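Only one structure is covered here, and it is reproduced in the block below.
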Amino acid sequence: MIMGREKLKRMYTQSLMIKEENDKVENLFIQQVINVIEQNFTNESFDVAMLADCLHISQPTLRRKIKKYSKLSAMELIRSVRISKAAVLIQKECYSIQEICEMVGYNDMKTFRKNFMDQFGVLPSKFDQK
């Protein structure tokens, strides 16, 4: 369980491309953002406006902070967290790709595959063999 969490943390860090100058405040903010996104995985309409609302900050402030602490836009961050979670679920080999697609908030398999390929360079069906 601990190794799984550590692996997930490494995947998030790598996929989120968090800048090197992070300190505790930055890590806390990014972790808070990730937690909110994780709580809303199944909501396929979850977007930047909803994320900002959950964090009780304005959208421009959210976008500015995310851009400051990572190399991604707010929407790219949401997508990256979802795809990273999908990768973890694929490695567990407990669900079909279609089930995982729905579990992480995608209602379109084509979009899910494209985003997965963009982030990991391999199709979801080939990921566990990597």
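Couple of notes before you dig in:
- Treating each Cα of region 63-130 as one equal point scatterer and applying the Debye formula with no solvent, the log10 of I(q)/I(0) at q = 0.17 Å⁻¹ comes out as -0.58.
- Probing with 1.4 Å while keeping every protein chain in the model, the per residue accessible area of region 21-90 equals 51 Å².
- The share of accessible area on region 44-130 that comes from carbon and sulfur is 50 percent, using a 1.4 angstrom probe.
- Heavy-atom accessible area order for T42, T61, T111, largest first, 1.4 Å probe: T42, T111, T61
- In region 53-125, lysine pairs closer than 29 Å at Cα, eight or more apart or cross-chain: 15
- In terms of its C-alpha gyration tensor, region 37-93 has an oblate overall shape, because the principal axis ratio a/c (a ≥ b ≥ c, square roots of the eigenvalues) is not below 1.5 and a/b does not outweigh b/c.
- Residue ranges 71-80, 87-96 sort as 71-80, 87-96 when ordered by packing (mean number of other C-beta atoms within 10 Å per residue, highest first).
- Computed over neighbours whose Cβ is under 13 Å from that of T61, the net charge equals +4, Lys and Arg +1, Asp and Glu -1.
The values are calculated or read from the model by the stated rules, or taken from the named source; none is laboratory data. Values in this document were obtained by computation on a predicted structure and should not be read as measured data. Cβ: placed from backbone, ideal geometry, glycine included. Neighbour counts: every protein chain shown. Note: accessible area is taken over every heavy atom of the protein model, side chains too, but ligands, DNA and RNA are not part of it. Shrake-Rupley method; radii C 1.70, N 1.55, O 1.52, S 1.80 Å.
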